[in-house]
Amino acid sequence: MPVEAVQRRALGVLKQKRLYENQIQGLQQQSFNMESAAMTTENLRNTMATLDAMKQANTEMKRQYGKIDVDKIEQIHYDMEDMIEQANEIQESLSRSYGVPDEIDEDELQAELDALETLEEDETPSYLQDLNATPDFIDEAPITEPKQTTNPEAVKT
């Protein structure tokens with residue numbers, strides 16, 4: 001084959017190759033466009049579903065909040081404060097001590113403690129004396145009953 005024929009044949013093959021490459025590129029672009037359109041459609045469906053959900057939530061929230069009266073909530077809050085204040089007053093009243101002065105003189109208590117510490121060991125205040133000792137107002141000793149002993153031989157079973 002002549003060289004010219006080979007060159008013509010090579011040029012024909014190169015043209016065909018470029019044609020195929022252009023077709024492949026066109027098909028790839030079409031495929032990309034179709035995938036983009038499908039993604040856009042799916043995103044639009046998701047957006048619509050989200051909007052529907054938001055509308056339903058908005059409607060439900062309006063319906064629920066329509067039942068709530070802010071003034072009633074505030075009144076309940078004030079009532080609770082009043083009841084807690086009353087409960088605190090009751091507790092304060094019940095916890096009052098009787099017969100104990102409101103103010104205890106710390107210096108006086110310290111002086112009494114110092115006086116107790118200086119007492120000799122033999123000298124015990126009357127309120128600390130032996131609690132088991134017989135009181136002075138008892139004239140007779142307590143009567144004790146004799147213990148009964150049981151004879152094991154006398155008991156027959």
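Does region 42-96 come out rounded, prolate or oblate, given a ≥ b ≥ c as the square roots of the eigenvalues of its C-alpha gyration tensor, rounded meaning a/c under 1.5 and, failing that, prolate meaning a/b above b/c?
Working: a/c = 10.19, a/b = 3.91, b/c = 2.61.
Here region 42-96 falls in the prolate category.
Between Gln30 and Arg8, how high is the FRET efficiency from 1/(1 + (r/R0)^6) when r is the Cβ-Cβ distance and R₀ = 30 Å? Nearest 0.05.
0.35
For region 27-123, what does the accessible surface come to per residue with a 1.4 Å probe? Please give it in Å². Please report the intermediate quantities before stating the final value.
Numbers: 9490 Å² over 97 residues.
Heavy-atom accessible area per residue stands at 98 Å².
What distance in nm separates the two pseudo spin-label positions at Ser95 and Asn58, each 7 Å out from Cα along the beta-carbon direction?
5.3
Would you mind classifying region 1-125 by shape? Square roots of the alpha carbon gyration tensor eigenvalues, ordered a ≥ b ≥ c; an a/c under 1.5 is rounded, otherwise it is prolate if a/b is larger than b/c and oblate if not. If you can, show how the numbers build up before the last one.
Values: a/c = 13.01, a/b = 2.95, b/c = 4.41.
It comes out oblate by the Cα gyration axes.
If I model a spin label at Thr144 and Arg45 as a point 7 Å from the Cα along the Cα→Cβ vector, what separation in nanometres do I get?
10.4
The values are calculated or read from the model by the stated rules, or taken from the named source; none is laboratory data. Please read all numbers here as calculations on a predicted model, not as lab measurements. With ideal geometry, Cβ positions are generated from the backbone for all residues, glycine too; neighbour counts draw on all protein chains shown. Note: areas computed on protein heavy atoms with side chains; ligands, DNA, RNA excluded. Shrake-Rupley method; radii C 1.70, N 1.55, O 1.52, S 1.80 Å.
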